[in-house]
Amino acid sequence: MDTTTHHDLPALFAQLGLPDGPDEIRRFIRQHRPLPQTLNLSEAPFWNASQVAFLREQWHQDDGDWCGQIDQLNALLREHPDPAELTQADDTAPA
């Protein structure tokens, strides 16, 4: 019998105390990616102490309720931005 609770990404954002609307989640991901492969998600500089504690605690539980969503967020933050999302260089800037 599966006794785990299944949460979605907006619920994870709410649990972390972050805005959890679709636009806010996309903005957060765009702002913080790509996260270097050599950096654990919980070591990213944009988390506060309670967020770090939650991420570490949940990630290290074999059957943690939030593991799937943390893994999803981790993958989203590792992706490189779509070229269409990149800001264009200012043509007037010196080379």
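The values are calculated or read from the model by the stated rules, or taken from the named source; none is laboratory data. In this text, all values refer to a predicted model and were calculated from it rather than measured experimentally. Note that each Cβ is placed from the backbone with ideal geometry, even for glycine, and that neighbours are counted across all protein chains shown.
Please go through region 1-48 and pick out each residue that is of a type in the set (D, E, K, R), under 19 Å from His80 (Cβ atoms) and either part of a helix (DSSP H, G or I) or modelled with pLDDT of 95 or more (or both).
Residues satisfying the conditions are Arg26, Arg27, Arg30.
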For this session: Would you check which residues across region 66-81 are within 18 Å of Asp20 (Cα to Cα) and either in contact (Cβ under 8 Å) with a residue 24 or more places away in the chain or surrounded by 12 or more Cβ atoms within 10 Å (Cβ to Cβ) (or both) and list them?
Result: Trp66, Cys67, Gly68, Gln69, Ile70, Asp71, Gln72, Leu73, Asn74, Leu76, Leu77
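Surrounded by 12 or more Cβ atoms within 10 Å (Cβ to Cβ), part of a helix (DSSP H, G or I), on the phi < 0 side of the Ramachandran plot and at pLDDT 95 or above: which single residue out of Gln51, Gln58 fits that description?
Details: Gln58 fails: at pLDDT 95 or above.
Step by step, each of Gln51, Gln58 is checked, and only Gln51 is surrounded by 12 or more Cβ atoms within 10 Å (Cβ to Cβ), part of a helix (DSSP H, G or I), on the phi < 0 side of the Ramachandran plot and at pLDDT 95 or above.
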